[in-house]
Amino acid sequence: MGNERQIFLQHIAQTSPAPLMLEIERAEGIYLYAKDGTRYIDGISGIAVSNVGHSHPRVVDAVCRQASRYMHLMVYGEFIETPQVQYAAALCALLPPQLQNVYFTNSGAEATEGAMKLAKRHTGRTEIIAFKNSYHGSTQGALSIIGSERFKQNYRPLLPGIRQLRYGVLDDLVHITQNTAAVFFEPIQAESGITMPDKHYVQALRERCTLTGALLVFDEAQTAFGRTGAMFAMEHFEVTPDILLLAKALGGGMPLGAFISSKEIMQSLAHRPALGHITTFGGHPVCCAAGLAALEVLQTENLIAHAETKGALLHNLLAPANIPISRAGMMFAMHFQNENMCRSVISECLRRGLLTDWFLFAPASMRIALPLTVTHAQLNAVADIILQSIRSCQTN
Ligand SMILES: Cc1ncc(COP(=O)(O)O)c(C=O)c1O
């Protein structure tokens, strides 16, 4: 085997201007262990994926056991595969009556695609509404609705009939009309640097969708599974969408997404023509087994109940830095004065053994989304690294 760094640069497609290029040999709990012996704290959970930490023994065990029984058998929706059935039942037990029918996909973007198609089929309408600074994935359909012109401009023509509203602005809701098939909404917007909408606004959004017959879609790819201190972020607003999108932590570290709706709405994909959404690997049995095990870990280790207390502790520990923070549970954004300062702090944190990141649409803000399994002692260590890094960047 040649030099892996060279092969990575030569033969792995590069899209990042500055890949981190850490060579990780092993990951466990909140830690990533590099080949050169360095230990890093994963301060971003692989971007909101590893909520139960890396290589949790129950998740690893579920993966191994399912892989030894069977892996891929047949394309989606034909065979009764126990891991899929069990995971769907476990998710539905946590969800309201309007969300009891699960379509498992490979990814968040595929969940977005499926939901866009479902909304068009169910309503017979074509317009899709989404929000400025929203992110729903990088495939052509998902890209068409995201709220960043910079990311979209070189890929036009994209889907027609897309309208962007300002996130959290009540007056804009009048643009949701009887032409609108669906409104895609992150109940807490992630890539803008953690933006929390007002509860009354989210309720007004629900009312406007009900009034006009537009389907309300909540994209909880980043916010579900305890990240914000509740199983699902929608609980903070006491609002139920017509379609729920899940991904990231859904697979417990394996690739999995889902769009979830009522049986009645989902039926639209089953006729004229049938097979309204097709996927070979969506709902892969090993991924569903891993996801179910991760969900059980969240529940048995009481991780969701502690997410808010842990978040509040870290928030307090970071207060001496005097940097504005947006936070929902264990989902943090630290807002620096400019992009350079943010990048310097991120580099300094990494040098001191803590992996953080910026946000797609908020490059001056630092992302912190630790595994929910993090201990209080580990949170103290994380805060020390961040405070020291900020101090060192301020004096340089
Ligand atoms: C809110 C949201 N929706 C959808 C996606 C797309 O998920 P995936 O990368 O699995 O396609 C992401 C990914 O970051 C996301 O944050």
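Quick notes on this one:
- Wholly enclosed strands (runs of 3 or more DSSP E) of segment 5-104 bearing at least 3 residues open to solvent by 40 Å² or more (accessible area, probe 1.4 Å): 24-28
- Residue 189 satisfies every condition listed in (1) within 27 Å of residue 367 (Cβ to Cβ); (2) open to solvent by 10 Å² or more (accessible area, probe 1.4 Å) except (2).
- Meets criteria (closer than 16 Å to residue 245 by Cβ and within 16 Å of the ligand (Cβ to nearest atom)) for residue 130: yes
- Flag if residue 121 is assigned by TED's automatic domain parsing to the domain that holds residue 287, in contact with a helix residue (DSSP H, G or I) (Cβ under 7 Å, 6 or more places away or on another chain), within 20 Å of residue 202 (Cβ to Cβ) and basic (Lys, Arg): no
- Among the residues making up segment 225-253, those that are away from the ligand (no atom under 12 Å from the Cβ), open to solvent by 50 Å² or more (accessible area, probe 1.4 Å) and outside any loop (DSSP other than H, G, I, E, B) are 235, 236.
- Within segment 194-224, being more than 13 Å from the ligand (Cβ to nearest atom) and either closer than 17 Å to residue 308 by Cα or in a loop (DSSP other than H, G, I, E, B) (or both) holds for 196, 197, 198, 213, 214.
- Segment 332-386, residues that are among the hydroxyl-bearing types (Ser, Thr, Tyr), in a loop (DSSP other than H, G, I, E, B) and open to solvent by less than 20 Å² (accessible area, probe 1.4 Å): 356
- Test result for residue 149, within 11 Å of the ligand (Cβ to nearest atom) and of a type in the set (Asp, Glu): no
- Number of the exception - residue 123 against (1) more than 10 Å from the ligand (Cβ to nearest atom); (2) farther than 17 Å from residue 213 by Cβ; (3) touching a Gly at 6+ places or on another chain (Cβ under 7 Å): (2)
- Test set (1) polar (S, T, N, Q); (2) within 30 Å of residue 272 (Cβ to Cβ); (3) away from the ligand (no atom under 16 Å from the Cβ) - residue 82 fails condition number: (2)
- Any hit, segment 156-169, residues being under 23 Å from the mean Cα position of the chain (by Cα), within 15 Å of residue 214 (Cα to Cα), part of a helix (DSSP H, G or I) and more than 12 Å from the ligand (Cβ to nearest atom): no
- Within segment 93-109, residues that are more than 16 Å from the ligand (Cβ to nearest atom) have Cβ atoms under 8 Å from residues that are open to solvent by 60 Å² or more (accessible area, probe 1.4 Å) in these pairs: 100/263; 101/263, counting only partners at least 6 apart in sequence or on another chain.
- Of everything in segment 202-214 that is open to solvent by less than 10 Å² (accessible area, probe 1.4 Å) and within 22 Å of the chain's Cα centre (by Cα), the residue that is farthest from residue 300 (Cα to Cα) is 205.
The values are calculated or read from the model by the stated rules, or taken from the named source; none is laboratory data. Predicted model, so just to flag it, every value in this text is computed and none were measured. Cβ coordinates were reconstructed from backbone atoms using ideal geometry, including for glycine residues, and neighbour counts include every protein chain displayed. Side chains are part of the model used for accessible areas, which takes the heavy atoms of the whole protein and leaves out ligands, DNA and RNA. Shrake-Rupley method; radii C 1.70, N 1.55, O 1.52, S 1.80 Å.
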